[in-house]
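Here the structure comes first, spelled out in structure tokens, and everything after it is commentary.
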Amino acid sequence: MAPKDITGAEFNQTVRGEGITLVDFWASWCGPCRRFAPVFEKAAENNPDITFAKVDTDAERDLAGALGISSIPTLMVFRDDVLVYREPGALPAAALDSLITQVRELDMDEIKRKIAEEEAAAPAEA
């Protein structure tokens, strides 16, 4: 399944909920973005159970700014409504495949438990 182009308005509904979502932040003028695009598309074809989304940072400047995207391409990976990976740079195919395998193997119950503990331990903001 081909990656889906999403807008700022579609971002939250795309990354929220159960499952894995990879989001590629890119721009048409960006050489590394153009080189990463076929790698991302091939991974989407090979992993039909995962949502692959693309955000054109030129068209979606407000979203890119709100998320602090300062270098492209940037890849964000969400699993079960938790951001589990965020890095700038174009990944080679083998590295993207490895990342997908690692995300599939995450113990999300443990991760969510740790997040809850950290939130409970954080001092309340005044």
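Out of region 57-112, which residues are β-branched (Val, Ile, Thr) and more than 15 Å from the chain's Cα centre (by Cα)?
Residue satisfying the conditions is Ile111 alone.
Any residue in region 16-34 that is modelled with pLDDT of 95 or more, under 23 Å from Met1 (Cα atoms), crowded, with 19+ Cβ neighbours inside 10 Å and hydroxyl-bearing (Ser, Thr, Tyr)?
Scanning region 16-34 turns up at least one residue that is modelled with pLDDT of 95 or more, under 23 Å from Met1 (Cα atoms), crowded, with 19+ Cβ neighbours inside 10 Å and hydroxyl-bearing (Ser, Thr, Tyr).
Taking the stated definitions as given, is Ile69 among the β-branched types (Val, Ile, Thr) and touching a residue at least 40 places away in the same chain (Cβ under 8 Å)? I'd like the intermediate steps shown before the answer.
Details: among the β-branched types (Val, Ile, Thr): yes; touching a residue at least 40 places away in the same chain (Cβ under 8 Å): yes.
Against the criterion (among the β-branched types (Val, Ile, Thr) and touching a residue at least 40 places away in the same chain (Cβ under 8 Å)), Ile69 qualifies.
For (1) farther than 18 Å from Pro38 by Cα; (2) of a type outside the set (Gly, Ala, Ser); (3) touching a helix residue (DSSP H, G or I) at 6+ places or on another chain (Cβ under 9 Å); (4) surrounded by fewer than 13 Cβ atoms within 10 Å (Cβ to Cβ), each residue gets a yes or a no:
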| residue | (1), (2), (3), (4) |
| --- | --- |
| Glu60 | yes, yes, yes, no |
| Ile69 | yes, yes, yes, no |
| Ile72 | no, yes, yes, no |
| Arg79 | yes, yes, yes, no |
| Ala93 | no, no, yes, no |
| Ser98 | no, no, no, yes |
| Arg104 | yes, yes, no, yes |
| Ile111 | yes, yes, no, no |
| Pro123 | yes, yes, no, yes |
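May I ask you to verify whether Phe52 is out of contact with any Gly (no Cβ under 6 Å at 6 or more places or on another chain), surrounded by 18 or more Cβ atoms within 10 Å (Cβ to Cβ) and touching a residue at least 60 places away in the same chain (Cβ under 8 Å)? Quick ask: steps written out before the conclusion?
Working: out of contact with any Gly (no Cβ under 6 Å at 6 or more places or on another chain): yes; surrounded by 18 or more Cβ atoms within 10 Å (Cβ to Cβ): yes; touching a residue at least 60 places away in the same chain (Cβ under 8 Å): no.
Considered against the rule, which asks whether it is out of contact with any Gly (no Cβ under 6 Å at 6 or more places or on another chain), surrounded by 18 or more Cβ atoms within 10 Å (Cβ to Cβ) and touching a residue at least 60 places away in the same chain (Cβ under 8 Å), Phe52 comes out as no.
If you check every pair at least six apart or on different chains, which have Cβ atoms under 6 Å apart with a residue in region 34-49 that is within 16 Å of Val77 (Cβ to Cβ) first and a residue that is aromatic (Phe, Trp, Tyr) second?
Pairs that qualify, where the first residue is within 16 Å of Val77 (Cβ to Cβ) and the partner is aromatic (Phe, Trp, Tyr), are Ala44/Phe52.
Residue-by-condition table, conditions (1) more than 23 Å from Glu110 (Cβ to Cβ); (2) among the polar types (S, T, N, Q):
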residue	(1), (2)
Asn12	yes, yes
Glu18	no, no
Thr57	yes, yes
Met76	no, no
Val82	no, no
Ala94	yes, no
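The values are calculated or read from the model by the stated rules, or taken from the named source; none is laboratory data. Note that the structure is predicted; figures quoted are calculated from it, not measured. All Cβ positions, glycine included, derive from the backbone under ideal geometry; neighbour counts span all protein chains shown.
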